[in-house]
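Structure, as C-alpha cells:
The values are calculated or read from the model by the stated rules, or taken from the named source; none is laboratory data. Since this is a predicted model, take the numbers as computed values, not measurements. As a convention, Cβ positions derive from the backbone with ideal geometry for all residues, glycine included, and neighbour counts pool all protein chains shown.
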There are 4 protein chains.
Amino acid sequence: MSRSPVAELPMKADPAPRGRKRERILEAAIRVFARRGYHGARVSDIAAEAGIAYGLVYHYFKNKDELLDTVFEERWGAFLEIVDRIVAGPSPTAEKLRAVAALILFAYRRQPDWVKVLVFEIGRTSRFSEPEQIRTVGRLFQAVARIVRAGQETGELRRDLDAELVCLAFVGALDSMITSQVLGLMQLPDSAGDADAEAVRTVMELFLGGLLARGGS
Amino acid sequence: MSRSPVAELPMKADPAPRGRKRERILEAAIRVFARRGYHGARVSDIAAEAGIAYGLVYHYFKNKDELLDTVFEERWGAFLEIVDRIVAGPSPTAEKLRAVAALILFAYRRQPDWVKVLVFEIGRTSRFSEPEQIRTVGRLFQAVARIVRAGQETGELRRDLDAELVCLAFVGALDSMITSQVLGLMQLPDSAGDADAEAVRTVMELFLGGLLARGGS
Amino acid sequence: MSRSPVAELPMKADPAPRGRKRERILEAAIRVFARRGYHGARVSDIAAEAGIAYGLVYHYFKNKDELLDTVFEERWGAFLEIVDRIVAGPSPTAEKLRAVAALILFAYRRQPDWVKVLVFEIGRTSRFSEPEQIRTVGRLFQAVARIVRAGQETGELRRDLDAELVCLAFVGALDSMITSQVLGLMQLPDSAGDADAEAVRTVMELFLGGLLARGGS
Amino acid sequence: MSRSPVAELPMKADPAPRGRKRERILEAAIRVFARRGYHGARVSDIAAEAGIAYGLVYHYFKNKDELLDTVFEERWGAFLEIVDRIVAGPSPTAEKLRAVAALILFAYRRQPDWVKVLVFEIGRTSRFSEPEQIRTVGRLFQAVARIVRAGQETGELRRDLDAELVCLAFVGALDSMITSQVLGLMQLPDSAGDADAEAVRTVMELFLGGLLARGGS
DNA sequence: CATGAATGAGCGTTCATTCAT
DNA sequence: GATGAATGAACGCTCATTCAT
C-alpha cells in the first residue's frame with residue numbers, strides 16, 4: 001500500500017540555512033503574517049524575524065505585497081500538486097474525496113502558520129478579489145470538480161446535482177472546519193483521540209450518505 | 001401559509017433621512033467598507049459618503065473600530081432574530097434547515113454591500129479572532145446546532161454524527177456559495193432562471209441525501 | 001514723479017500671523033529651500049520653521065512638490081505683474097529696459113531667500129524642464145520681448161537683431177549678475193556705495209551702446 | 001588661416017572600449033545625469049549604462065558626488081584649455097570674444113549630454129555653491145575678463161565699464177542662449193539655416209555695438 | 001579587478017484622532 | 001450638535017555605501 005497523500009504535505013521544515021536568505025524571508029513572512037495579520041505585520045518585523053537587514057527584503061521582493069503573493073503562489077502550488085496527484089490516482093471516487101478532505105483537515109497540524117495566513121489573509125481580504133488570485137484558488141475547485149464529475153460518469157455519484165455547486169459545498173465545509181480549528185473552537189467529543197480524523201469521518205459520511213436517518217434503523 | 005422567513009430580511013431600505021445622522025453614518029460605512037475594505041476605508045470617506053463632516057463620526061462612535069463592530073452587531077443581531085424564529089418554529093427539521101439555507105443564500109441579493117462586508121471584513125480578518133466576535137458569530141452555529149440536535153432527537157436525522165461538526169459543514173458550505181456569489185463566480189446551469197434557488201436545492205439534497213448514487217431507484 | 005516700479009516689489013514682509021497657516025508654511029518653505037535646497041529640505045524642517053505640526057503641511061498641500069510649485073507660481077505671478085506694468089507704461093524703451101534690469105537686480109536685496117530659491121531650485125533643476133514651468137518663466141521673456149519689439153517699431157532700437165535673441169541675452173546677463181550676487185561673488189569697485197546701481201548702469205550701457213570704443217573720444 | 005577653435009571641442013567620441021572601465025563609467029554618468037538629473041540618477045543606473053557591476057563604481061570613485069565632480073573637472077578643464085588658447089592667441093579683441101561665444105554656443109551640438117549636465121546640474125545646484133566649484137567656474141570668467149581688460153588697454157573697448165561686470169553679462173547671455181537650446185525653445189527666424197551662427201552674430205553685434213539705433217545710418 | 005548581496009539611515013506620506021470654535 | 005483645522009505616530013520604501021567572495 002502506498003503512502004497516504006497527506007504525508008506528502010511537508011511538516012514545518014528546518015528553517016532555511018544562512019545563505020538562503022530568500023527562503024528565510026518567506027518563512028519569516030509567514031510566521032509574522034500568521035501572528036499579526038498582513039496589515040499588522042511591519043516589514044521590519046519580518047526582517048527581524050528572518051534575522052536579516054531591513055533593506056534586504058527589497059532586494060528579493062518588490063514590496064510587501066509581493067511577499068504575500070509569493071508566499072501564496074509557491075505554497076499553494078505545492079499544495080495543488082498533491083491534490084492533482086490524488087485526482088489522477090486510481091482510487092475510487094469516495095476515496096479521492098476522503099483523501100482531499102484529510103489533506104486539508106490535517107494541514108493545520110503540519111503547517112499551522114501557513115494555514116492561518118491562508119485562512120485569514122488570502123481567502124478573505126478584498127485584495128484577494130483580484131482575478132489572478134481567484135483563478136489560482138479556483139484550481140482547487142477545478143481539481144475537486146474533476147473528481148466529482150468522474151464519479152458521476154462512472155455512476156458512483158448521483159448525477160442530478162451540479163458538480164460545481166457540490167464542490168463549493170465540499171470545500172466550504174472543509175474551510176469552515178479548518179477555520180474553526182485555527183480559532184481554537186473545535187471542541188470535539190473525541191478530543192482525547194484524534195479530532196481531525198473525526199472531522200474527516202463526519203464530513204465524508206455527511207457528503208456521501210446525507211443527514212437523513214435511513215429507514216432501517 | 002405563512003410568509004417565508006427570507007422575506008423578513010429587509011431589502012436595502014431608503015437611506016436614513018437627514019437628522020438621523022447615526023444611521024446615515026452606519027449605512028455609509030457599510031457601503032464604503034464594501035467598496036474598499038475596512039483598511040482601505042478612510043473615516044473621511046465614510047463621512048463624505050454620509051454627507052457629514054468627519055469630526056462628527058467621533059460624536060457617535062468612539063473610533064473606526066467601533067463603527068465596524070456596531071455595524072456588525074446591529075445587522076447581525078437582526079439576522080439572528082430571523083434565524084431564531086426559524087429555529088423556534090413548528091416546521092420539520094428539513095424545512096428549518098432549508099429555510100436557513102435560503103435565508104443565507106438570498107441575503108446577497110437583498111443586501112449586497114452588507115454581505116460583502118460580512119464575507120470579507122468580518123469572518124476573515126485577524127481582528128475577528130477576538131473572543132467577543134467569535135461568540136457573536138457562534139450564535140449562528142448554536143442556532144443551527146439546535147435544529148440539528150432536535151432533529152436527531154426526533155429521529156429525523158441520524159445520530160452518529162456530531163451536531164457541531166455537521167453545523168460547521170453546513171454553514172461552511174453556505175458561506176462558500178455566498179462568497180462565490182460575491183466574487184461573481186457562480187456560473188450556474190440554471191442561470192437564466194434562479195441561481196440562488198438552485199443553490200438551495202443542491203445544498204439541501206446534498207446534506208440530506210448525500211452524494212452517493214442509490215442503487216435501487 | 002511716480003514711484004519707481006522697483007519699490008513695488010515688497011520687502012520681506014512681517015511673517016504671516018497665526019491663523020494664516022498656509023502663508024506661514026509657504027514662507028517657511030522659501031526659507032528652508034533657500035537654506036538647504038529643495039532636495040535637502042525635509043518637510044519636517046519646513047513644518048518646524050513654520051511652527052506647525054508635521055501633518056498640517058499635507059492639509060494645505062498635496063505633497064512637497066506642490067509646495068515648490070505653489071511658491072513659484074504665486075511669487076512669480078506677483079513679480080510678473082510688476083513687469084507687465086513696466087511694459088505697459090509710457091516710458092521710452094530705454095527706460096523700460098532699465099526698469100526691468102533694476103527690478104531684477106534689486107530683487108535679491110528685498111527678498112534674498114526667494115531669489116535664492118528662484119536661482120537655484122527653479123530655473124535650474126531638471127524638474128523645471130516641465131512644459132508648464134517653462135511657459136511660466138517664458139512669460140518674462142515675452143514681456144521683455146514686447147519692450148524690444150516696440151522699440152524696434154518706434155525706431156529707438158535697431159531692427160537687424162532678432163528680438164527673442166536679444167531678450168535671451170538681456171535676461172541671461174541679469175540672471176548671471178544676480179547669481180553672482182547670491183553666491184557672494186560680486187566684488188564691485190564701488191562696493192562701498194551701491195553695487196546694484198553700478199550693475200544696472202553697466203548692463204544698460206552695454207546693451208544700449210555696446211562695448212566698442214567710439215571713435216570721437 | 002588656423003583651424004577654428006570651435007573645432008577643437010571634440011565631438012562625442014567613440015565609447016571607451018572595454019577595459020577602460022573608468023572612462024566608461026564617466027561617460028555613462030554623463031548620459032544618465034543628462035537624462036534623469038543628478039538626484040534622479042541612481043548609481044546602479046550609471047553602472048548599468050556602463051555595462052558593469054555597480055560595486056565597481058566604488059573602485060574608481062569615492063562616491064556618487066565624486067563622480068559628478070570628476071566629470072565636471074575633467075571636461076571643464078578640457079574646455080578651459082581651449083578658452084585659454086583663444087585668450088593667448090593673436091586675434092583682435094572682438095575676434096577673441098566671438099570665438100568664445102561660438103565655442104560655447106556650438107558646444108551643445110557637439111556634446112549635448114555634457115552640456116545638459118553643465119546647465120542643469122552644475123551651475124545650478126546649491127551644491128555648486130561650494131568654494132572649489134565656484135573657483136573652477138570662475139576660471140572661465142577670468143579668461144574672458146583678461147580678453148576684455150586687454151581690449152580696454154589697447155583702446156579697442158571702452159574703459160568706463162567694469163570688466164568683471166561685462167564678463168558676467170557676456171557669459172550670462174551665452175548661458176541663457178544655450179539653456180534655451182537645451183530646453184528646445186530656440187525658435188529662430190533662420191532656423192532653416194544655422195541657428196547657432198545667428199545666435200553668435202546677434203550676441204556679438206549686441207555686445208560690441210549695442211542696441212540703440214545709430215542716427216546716421 | 002569584479003560582483004552583487006547585504007546594510008540601514010533617512011524621508012515622504014497617510015490617516016485616525018483630538019479639539020477649538 | 002457640527003465643523004474641519006491641527007496633531008503626530010507609524011510605516012513603506014529608496015538607495016548610497018560597504019564588504020565578503
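Given the conditions (1) free of Cβ contacts under 8 Å to residues at least 40 places away in the same chain; (2) away from every other protein chain (no Cβ under 14 Å); (3) within 11 Å of DNA strand E (Cβ to nearest atom), report the number of the one that C:Gly55 does not fulfil.
It fails just one condition, (2).
Look through segment D:38-52, keep the residues that are more than 14 Å from chain C (Cβ to nearest Cβ) and hydrophobic (A, V, I, L, M, F, W, C), and return whichever of them is surrounded by the fewest Cβ atoms within 10 Å (Cβ to Cβ).
Restricting to residues being more than 14 Å from chain C (Cβ to nearest Cβ) and hydrophobic (A, V, I, L, M, F, W, C), the top hit is D:Ala48.
A quick yes/no check of all residues on (1) within 14 Å of another protein chain (Cβ to nearest Cβ); (2) more than 14 Å from DNA strand F (Cβ to nearest atom):
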residue: B:Lys62; (1), (2): no, no
residue: B:Leu67; (1), (2): no, yes
residue: B:Glu74; (1), (2): no, yes
residue: B:Ala78; (1), (2): no, yes
residue: B:Glu81; (1), (2): no, yes
residue: B:Val87; (1), (2): no, yes
residue: B:Ala94; (1), (2): yes, yes
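When you go through D:Ala169, D:Ala197 one by one, which is the residue that is surrounded by fewer than 19 Cβ atoms within 10 Å (Cβ to Cβ) and in contact with a Leu (Cβ under 9 Å, 6 or more places away or on another chain)?
D:Ala197
Matching residues to (1) at pLDDT 90 or above; (2) part of a helix (DSSP H, G or I); (3) touching a helix residue (DSSP H, G or I) at 6+ places or on another chain (Cβ under 6 Å):
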residue	(1), (2), (3)
B:Glu121	no, yes, yes
B:Arg127	no, yes, no
B:Ile134	no, yes, no
B:Asp190	no, no, yes
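Find the residue count for segment B:55-97, including only residues that are hydroxyl-bearing (Ser, Thr, Tyr) and surrounded by 17 or more Cβ atoms within 10 Å (Cβ to Cβ).
Going through segment B:55-97 one residue at a time, the tally reaches 2.
Of all residues in segment A:22-60, which are within 9 Å of DNA strand F (Cβ to nearest atom), at pLDDT 95 or above and part of a helix (DSSP H, G or I)?
Of everything in segment A:22-60, those that are within 9 Å of DNA strand F (Cβ to nearest atom), at pLDDT 95 or above and part of a helix (DSSP H, G or I) turn out to be A:Val43, A:Ser44, A:Asp45, A:Ile46, A:Tyr54, A:Gly55, A:Leu56, A:Val57, A:Tyr58, A:His59.
For segment C:66-75, give me the residue count where each residue is closer than 19 Å to C:Val119 by Cβ and within 11 Å of DNA strand E (Cβ to nearest atom).
The total comes to 2.
Output the residues belonging to segment B:135-179 that are farther than 15 Å from B:Val83 by Cβ, facing chain A (nearest Cβ under 7 Å) and among the aliphatic types (A, V, I, L, M).
Matches in segment B:135-179: B:Leu157, B:Leu161, B:Leu165, B:Val166, B:Leu168, B:Ala169, B:Ala173, B:Met177.
Of the residues C:Ala143, C:Ala150, C:Ala99, only one is in contact with a Pro (Cβ under 7 Å, 6 or more places away or on another chain) and at pLDDT 95 or above; which?
None of the others qualify; the one that does is C:Ala99.
With the structure loaded, tell me whether D:Thr70 is touching a strand residue (DSSP E or B) at 6+ places or on another chain (Cβ under 7 Å) and of a type outside the set (A, V, I, L, M, F, W, C) or whether it fails that test.
So D:Thr70 does not fit the description; no.
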